[in-house]
Structure formats: C-alpha cells, structure tokens
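Note sheet for the following structure.
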Amino acid sequence: MTRSFTRRLVSTVMAGAMAASAVAAGQVLWGAGSASAATVSQTVTTDNIIATKTVSPAVAHPGETVTSTITFKTSSGLLSVDRYLENLTDFPPAGYVFQGVSGNVWRGAGANLNGPSLYDGAAVQNPTNGSVTIKWTDATLALGLIPGQGNGSKNPTLTFTYKVADNAQPGPRSTGMGFDIFAFSSYQAFNPMSNLAVSVEPVVTSTTVTAPATAVAGTPVTLTAGVTPPTATGSVQFRDNGTNIGAPVQVSGGQAQMSYSFPAAGSRNVTAVFTGTTTFANSTSQPRTVSVTAADVQTTTTLTAPSDAKTDTSVLLSATVAPLNAAGTVQFRDNGADIGGPVPVSGGVASLQHTFPTVGSHSVVAVFTAASGFVGSTSPARTVVVTAPTPDDVATSTTLSVPTSATVGLPVQLSAQVSGPATLPGTVQFYDGATPIGTPQTVSGGAAALTYTFPTPGVRDVRAVYSGGPGVIGSSSAPQTIQVTGSDTGGGDGGTGSAGSLGGGAPMFGS
C-alpha cells in the first residue's frame, strides 16, 4: 500500500465522518463508562480510528500498581483498509512512575506480531510532564498495524504499567493520550480525557491497641499501638474512656508506645487513634478493656512499750496502726522472736500483756501484716531494759474508780489508787480497751486521776496501769465497764482528757 493511496482513503473516510459532532478539529467523543468501581474507560474517535483507554484501578493509593491499557481499531466504514501507528503517548496521572509497557502489535505490511519488537527504541518517562512515548519506524512499512474491519483480530493493544509514588498527594487526577497515524496531517491529542475520573487516596491503615487486662491505680503500665502498614507515618493519640491520655505519640516502624498510670479504680476502655500524614488514612483501634483496682493503702506502725521492766511483772505492749481503718494483725517480736501469736487490729490498735523472761536489753518491734487493700509495715524498734526484782522492791496494787455510765460529750473522772509506799514514783496510764486514754498521769499521794469525755456511745472496758519505778513494782487494775450513751444535746468536743484535781471538793474515793 502506498502513502498516496492511504491519504486518498483517509480523505474519503474523513468526508464521510463530517456528520459526527466534533469536540475539537478532527476529534469526536465516542463514549465513556466504568465497568466497575475498579476501572474507568473512555473511547474517542478521530476520522476512522477508534481508540479506547482503560485505567485500573481508577482510585489508587501510594505504592500501588496501576495499568493504563490503550486499544485501537478502525471504524466499521473502513472494511479492508489498514492504518498504521507512528507513535503513541500515554499521559498518566500526576505522581505515577513508569514501570514498563507490554502488549500485542502487528508490525507493518508483513503482519509480524511484535516483530522484530513490540515498538522501536526505548520507552522513557518525560521528567517534565510524566508522559511516556513509544514509536514505530516506517522502514519497510514496519509501523504499528491497525487493521481494517475485515481483519479485526489484529487490533493493537498496549498496556502501560505505573507505580503510584509513595509520596503522591491524595486528590483527583487527569489522564489522556495522543498518537500519530501515518499519512494523517496532524498529531491526535486527547489530554485530558474528561470522562476518565481517576484519583489517589491515602493508604488505608488499621490500628490495634495492646494493654494489660488488669492494672492498679497509680501504677504505670505500657500502652502499645500497632499501625499497618508498618511504613505508615503519623501519630497515635491514646484515650482512656474517650479522654485523651497525654499528647500524641509519633509512630515509628508501625508502633507507638507510652507509659500511663490509671488515676482511679474501675473498668477502663483504652483506644488508639491514628492520625496519618497526607498519604495515610486515619484509623481507630477497637477498645481494649482494662480492669483497674485501687492501690493498696500504705500504713505506718508505732510501738508503745516501757523503757524498763522486771522479769516477774507483765507490761503492756501496744501498737498503733495508721490509718485507723487498716485491717490486719500485729505480731510483737522480742529480739526477733515472736511474742505470742498475732493480735488483731481494732480501731487502729493492737496490744498485748507480756512478761519478759530474762534480764537484759530487749529490742521489741511490732510487725503489721495487712489484709487485702492495705500494705504491711513495721514499727521502729523500742528498747526495754529488763532487770530482776530485788528483795527490797515493793509490790503494789492498783484500784480503779469510774462511773458505771457516761454520756457522749459530757466529762467524767477516771481515778486510780495505788497502794504501796507513801511516796510512789511513776505514772498511771488509763486505757479504753487496748487504746491509751490521754497521757500518763503522775502519781501523787498514791492517786492519779484524769477527766475524760467519751466521743462515741458503747460499752467501754476501762483499766489503769501503774508503771512502777525504782524499788517499786508496777501493777494493773481490774477492768471496769462504763455504759456510754448518746447525747441529745450534742455538747462537748468528745475524746478529751485532763488531769483531775486530787484536792478540794468531793473526795476521789469513797469514804
């Protein structure tokens, strides 16, 4: 076929195509459509050439592979006349990086499939506009064959493969194509092709959160967020029951971590919210439930014990545990050895009567073993110097005098009478159960007294313990019961005591 004959055929076909609606000189929209959400296609015609471009997928993400497939055929009016491609340019969407071209093209009048090659020379992406052009030389008419309708099985198909750049910004794109037909008078350009709706969307991500199933309020735990793909860039905001935990944490290698102490007990829902950079989509993890329990309460234990004692006289060892509601037991120890068994704590106090069996220096401690919810503690050591009684030591006895009843908020007098020498050293300590009442009262004239106001109603077991002193052996009274009732008037501050007068007014003891 000669070029002049080709030109005549082109002129004839162009004359028959004048009735078509031209959108540009020599160009007519043939139609467009999308077979599915994954691909878009548009067909155009120029004179007697019909070209279709299909992009798959239409919506792509950074890093994905996209193909642009272009097919050619002649119109139905051109039954036996062949046409020839001189070059073809594909205009990919912006940010698409060329990977290669494949396809099937019959070459020249000899109709050799992809022979001697699919196209001549190299296919290189234009660094300015991103286009890729392939060419066919006309030596021995070895151009790209577009057969007439009588030989449609040889229609050329070319697929351009691209990779969306990792840093491609999301948004809509345009794409198109252009080509030269042998013997046509001008380059046929279709760029952009308005019905090819293509775009780049951020890379889809998924986020998971890892946290312990249980935690203790105030004790730090590690929260970890995993983001896929691991190349995702952005930050993670951890949340506790919907409230932000601190500041966002940058993602590195698909992970973000932070240390967190839950402020209070309860069931907590922890989530991780990933906010991606422009090329990565946001995502939120499913909640992770953490059961947070209250932290055990710290305690302190103090020991009250006399500084000296006799081997044949019992003394009171008393431990006070704070806070007052602490539950548990106290084990008293003498030089590391247990004294009796554990004593339950009641109202913050545990006490024990003990007779030291040997003379010498005894280091006494009180060890509090806590029940659930509290932390155990040990008192500082208290040194008790124990001596043997001498024949000259004088024995004493202590008698307690208290009213049988009292009213909350109204003061009563607690009195103790100590028998023995006319002049007695030492003090008397009054007790409500195992709890000391006020401070030790000095013995004067064989007596000691304390004015005290009971703070709460109930049955009180009160006793008096005389400390003894040099040459005098201590002693304890028998307990006496006081029935304390509530106050209708609410008067008095409660729980106070003061030394009573031993002279004037009514006698302290019965006459």
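The values are calculated or read from the model by the stated rules, or taken from the named source; none is laboratory data. Worth saying up front: this structure is predicted, and the values here are computed from it rather than measured. Every residue, glycine as well, gets a Cβ built from its backbone with ideal geometry; the counts of neighbours run over all protein chains shown.
A compact table of results
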read-out: Options Gly226, Gly266, Gly176: the member that is small (Gly, Ala, Ser) and in contact (Cβ under 8 Å) with a residue 40 or more places away in the chain; value: Gly176
read-out: Leading residue by the ranking (nearest to the chain's Cα centre (by Cα)) among those in segment 371-396 that are surrounded by 13 or more Cβ atoms within 10 Å (Cβ to Cβ) and among the charged types (D, E, K, R); value: Arg382
read-out: Wholly within segment 50-138, strands (runs of 3 or more DSSP E) carrying at least 2 residues that are surrounded by fewer than 17 Cβ atoms within 10 Å (Cβ to Cβ) and under 47 Å from the mean Cα position of the chain (by Cα); value: 65-74, 96-104
read-out: Unique match (being in contact with a Phe, Trp or Tyr (Cβ under 6 Å, 6 or more places away or on another chain), surrounded by 15 or more Cβ atoms within 10 Å (Cβ to Cβ) and in a strand (DSSP E or B)) among Val273, Val227; value: Val227
read-out: Unmet requirement for Ser186, which otherwise passes all of (1) at pLDDT 95 or above; (2) over 35 Å from the mean Cα position of the chain (by Cα); (3) of a type in the set (Ser, Thr, Tyr); value: (1)
read-out: Exclusive hit being more than 19 Å from Thr396 (Cα to Cα), at pLDDT below 90 and hydroxyl-bearing (Ser, Thr, Tyr), set Thr451, Thr439; value: Thr439
read-out: From the options Thr423, Thr442, residue that is closer than 23 Å to Thr304 by Cα, free of Cβ contacts under 8 Å to residues at least 60 places away in the same chain and loosely packed, with under 15 Cβ neighbours inside 10 Å; value: Thr442
read-out: Of all residues in segment 350-370 being in a strand (DSSP E or B) and hydrophobic (A, V, I, L, M, F, W, C), the one that is surrounded by the most Cβ atoms within 10 Å (Cβ to Cβ); value: Ala366
read-out: Of all residues making up segment 284-296, the number that are crowded, with 18+ Cβ neighbours inside 10 Å and closer than 14 Å to Pro248 by Cα; value: 0
read-out: Single residue of segment 281-302 satisfying the filter (assigned to a strand (DSSP E or B) and in contact with a Phe, Trp or Tyr (Cβ under 8 Å, 6 or more places away or on another chain)) that is farthest from Val221 (Cα to Cα); value: Thr301
read-out: Residue among Thr439, Thr456 that alone is outside the structural domain of Val343 (by TED's automatic domain parsing), under 57 Å from the mean Cα position of the chain (by Cα) and not in a strand (DSSP E or B); value: Thr456
read-out: Hits in segment 360-373 (condition: at negative phi and at pLDDT below 95); value: Ser372
read-out: Any hit, segment 237-250, residues being in a loop (DSSP other than H, G, I, E, B) and modelled with pLDDT under 95; value: no
read-out: Options Leu450, Leu410, Leu400; residue that is crowded, with 21+ Cβ neighbours inside 10 Å, of a type in the set (A, V, I, L, M) and farther than 20 Å from Ser346 by Cα; value: Leu450
read-out: Candidate set: segment 331-358, residues that are over 49 Å from the mean Cα position of the chain (by Cα) and hydrophobic (A, V, I, L, M, F, W, C); chosen: the one farthest from Val385 (Cα to Cα); value: Leu352
read-out: Scope segment 141-189; condition surrounded by fewer than 20 Cβ atoms within 10 Å (Cβ to Cβ), within 30 Å of Glu201 (Cβ to Cβ) and either outside the structural domain of Gln99 (by TED's automatic domain parsing) or out of contact with any Gly (no Cβ under 6 Å at 6 or more places or on another chain) (or both); matching residues; value: Lys163, Asn167, Gln169, Pro170, Gly171, Pro172, Ser174, Gly178
read-out: Number of the exception - Ser34 against (1) modelled with pLDDT of 90 or more; (2) among the small types (Gly, Ala, Ser); (3) in a strand (DSSP E or B); value: (1)
read-out: Matching residues in segment 315-346 - criterion: being over 16 Å from Thr383 (Cα atoms) and either of a type in the set (A, V, I, L, M) or in contact (Cβ under 8 Å) with a residue 40 or more places away in the chain (or both); value: Val321, Ala322, Leu324, Ala326, Ala327, Gly328, Thr329, Val330, Val343, Val345, Ser346
read-out: Segment 459-477: number of residues that are among the β-branched types (Val, Ile, Thr), assigned to a strand (DSSP E or B) and at pLDDT below 90; value: 1
